[in-house]
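Novice: Once you've had a glance at the structure underneath, I'll fire off some questions.
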Amino acid sequence: MASLQTLSLGPADLAKASKLLQDGGLVAFPTETVYGLGADARNGTAVAAIYAAKGRPSFNPLIVHVASLEQAETLAHFDDDARALAQAFWPGPLSLVLPLKDGHGLSSLVTAGLDTVAIRMPAQKLARDLLLAAGCPVAAPSANPSGQISPTKAAHVLSGLSGRIDAVLDDGPCEVGVESTIVATNPVRLLRPGGLPVEALEAAIGHPLPQDLNPDTPNAPGQLTSHYAPNARVALNQREGALMLGFGAIDGQLNLSQSGDLHEAAANLFAMLRQMDALADDGQTINVAPIPMTGLGLAINDRLTRAAAPRSG
Ligand code: TXA
Ligand code: MG
């Protein structure tokens with residue numbers, strides 16, 4: 001693809017960023033989970049450019065970002081469960097997979113031809129302002145080259161995508177630090193653990209949430225492919241090692257959270273994986289301390305398991 005001059009924008013450049021989106025450009029923007037790589041979800045050429053910039057090998061469906069529940073209801077059918085979840089958790093780190101509505105206007109590249117669409121209303125203030133100003137639904141995967149670690153700072157976006165996108169809107173580090181939790185309805189089920197803890201969802205629906213965990217590659221069912229991968233190898237549930245990413249009392253060169261706080265650990269996860277990668281010598285393994293499987297620990301362990309998965313070449 002053509003090499004672009006990637007603009008570094010700040011909150012004061014909101015109008016410029018929204019104009020770029022309206023004109024079919026690619027704009028990376030902060031959300032409370034990770035930075036997304038946004039394009040007008042109705043513009044097939046712009047959406048195709050997302051796949052090209054990321055080097056995303058297959059056309060996995062993208063999440064559509066909206067400014068309001070009202071806007072979301074122009075795109076998809078909300079049953080009672082979906083409406084209750086949206087009312088309880090939007091804006092926030094929850095994506096809902098719902099049946100498309102006639103006349104939705106989205107590019108079929110966004111949904112990869114499925115008859116459902118993943119929709120999210122982010123809480124981050126600048127993201128909300130951008131979505132309101134642009135006035136269009138915005139398709140956005142995480143703003144990183146395919147298979148690499150998701151960005152939680154604007155500098156991460158630039159290190160992976162500079163020259164391949166029009167702009168990055170910088171509003172500091174992401175507060176949550178792992179991608180949104182993805183839930184499908186009819187019946188309600190968990191597709192991906194993420195920034196909204198399963199316990200919160202279960203409290204809202206009043207029963208356990210069945211899991212229907214699909215790896216990020218729907219065309220390779222059951223195969224855990226490498227994802228969120230640093231260059232160095234990653235080993236999980238380690239208590240000691242030359243290169244150690246700690247948690248709680250198990251310390252290391254870096255510690256996800258000295259106090260064992262899973263929110264702090266999630267917010268630190270991707271940036272610290274990058275830092276550990278920079279510390280690693282050739283052939284060295286990043287050992288990661290055990291992380292409990294409660295709250296955000298589910299999402300943290302999911303991302304770490306993918307980072308540790310065998311590499312396909
Ligand atoms: O926090 C997040 O969710 C971030 C920020 C930028 O919003 N976005 C993100 O997008 O993580 P991405 O492309 O990395 O992940 C999208 C996931 C994929 O695993 C895809 O399979 C799933 O959403 N997905 C999208 N549409 C779907 C659909 N109709 N049915 C099932 N899964 C879907
Ligand atoms: Mg991603």
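Novice: 5 Å is the cut-off here: which amide hydrogens, built 1.01 Å from N in the peptide plane, fall below it relative to Lys101, excluding neighbours closer than 5 in sequence?
Specialist: The list, which skips near neighbours in sequence, is Ala76, His77.
Novice: Expected output is a single nm value to one decimal: the length gained when fully extending between Leu209 and Ala12, i.e. 0.36 nm times separation in residues minus the C-alpha distance. What is it?
Specialist: Here the segment from Leu209 to Ala12 would lengthen by 66.8 nm.
Novice: Can you give the local net charge around Gln22? Use residues other than it whose beta-carbon is closer than 13 angstrom to its beta-carbon, Lys and Arg +1, Asp and Glu -1.
Specialist: 0
Novice: Just going by the charge dipole of region 233-308, with Lys and Arg at +1 and Asp and Glu at -1 on Cβ, which of Pro290, Asn255, Met276 is farthest out on the positive end?
Specialist: Value: Pro290.
Novice: List the trypsin sites (Lys or Arg not before Pro) within region 251-313 that DSSP assigns to loop and that have no more than 15 neighbouring Cβ atoms inside 10 Å.
Specialist: Arg311
Novice: Same structure, new question: Tell me, what HN-Hα J-couplings in whole Hz come from the Karplus equation 6.51 cos²θ - 1.76 cosθ + 1.60 at θ = phi - 60° for each residue of region 199-210, using x for Gly and Pro?
Specialist: After applying 6.51 cos²θ - 1.76 cosθ + 1.60, I find 4, 5, 5, 5, 5, 6, 8, x, 7, x, 8, x Hz.
Novice: Give the angle, between 0 and 90 degrees and rounded to the nearest 10, that separates the Cα long axis of helix 44-54 from the longest principal axis of the Cα atoms of the chain.
Specialist: Helix 44-54 sits at roughly 10 degrees to that axis.
Novice: For a quick check: with amide H placed at 1.01 Å from N, whose amide H comes under 5 Å from Val234's, ignoring anything fewer than 5 positions away on the same chain?
Specialist: Sorted by chain and number, the residues that satisfy this are Ile286.
Novice: Next up: Please turn the phi angles of region 262-271 into ³J(HN,Hα) values with the Karplus equation 6.51 cos²θ - 1.76 cosθ + 1.60 (θ = phi - 60°), one per residue in order, whole Hz, x for glycine and proline.
Specialist: Residue by residue, region 262-271 yields 5, 5, 4, 5, 5, 5, 8, 3, 6, 5 Hz.
Novice: Just to check I understand the Karplus step: with θ = phi - 60° and J = 6.51 cos²θ - 1.76 cosθ + 1.60, what whole-Hz values come out for region 127-139, glycine and proline as x?
Specialist: Using θ = phi - 60°, the values come out as 4, 4, 4, 5, 5, 5, 5, 5, x, 10, x, 10, 6 Hz.
Novice: Okay, next question. Could you please state, rounded to a whole Å, how far the C-alpha centre of region 113-147 is from the C-alpha centre of region 1-50?
Specialist: 10
Novice: To continue, here is another question. Might you report the magnitude of the Cβ-based charge dipole of the chain about its Cα centre, with Lys and Arg at +1 and Asp and Glu at -1, to the nearest 20 debye?
Specialist: 620
Novice: How big is the charge dipole of region 218-303 about its Cα centre, in debye rounded to the nearest 20, if each Lys and Arg gets +1 on its Cβ and each Asp and Glu gets -1 on its Cβ?
Specialist: 180
Novice: Modelling each spin label as a point 7 Å along the Cα-to-Cβ direction, I'd like the Thr74/Arg56 distance in nm, to one decimal.
Specialist: Modelled inter-label distance: 2.2 nm.
Novice: Continuing with this model, one more query. Taking the Cα centre of region 114-171 as origin, work out the dipole magnitude from +1 charges on Lys and Arg Cβ and -1 charges on Asp and Glu Cβ, in debye rounded to 20.
Specialist: My answer is approximately 100 debye.
Novice: Okay, moving on. Using the Cα centre of the chain as origin and beta-carbon charges of +1 (Lys, Arg) and -1 (Asp, Glu), tell me which of Leu85, Pro173, Ala308 is placed farthest towards the positive end of the dipole.
Specialist: Final value for the positive-end residue is Ala308.
Novice: Describe numerically, in nm with one decimal, the distance between label points set 7 Å from Cα along Cα→Cβ at Glu199 and at Leu114.
Specialist: Result for the modelled spin labels: 2.8 nm.
We did not get these values from a lab; they are worked out from the coordinates using the rules stated. A quick note: this is a predicted structure, and the numbers were derived from the prediction, not measured. Every residue, glycine as well, gets a Cβ built from its backbone with ideal geometry; the counts of neighbours run over all protein chains shown.
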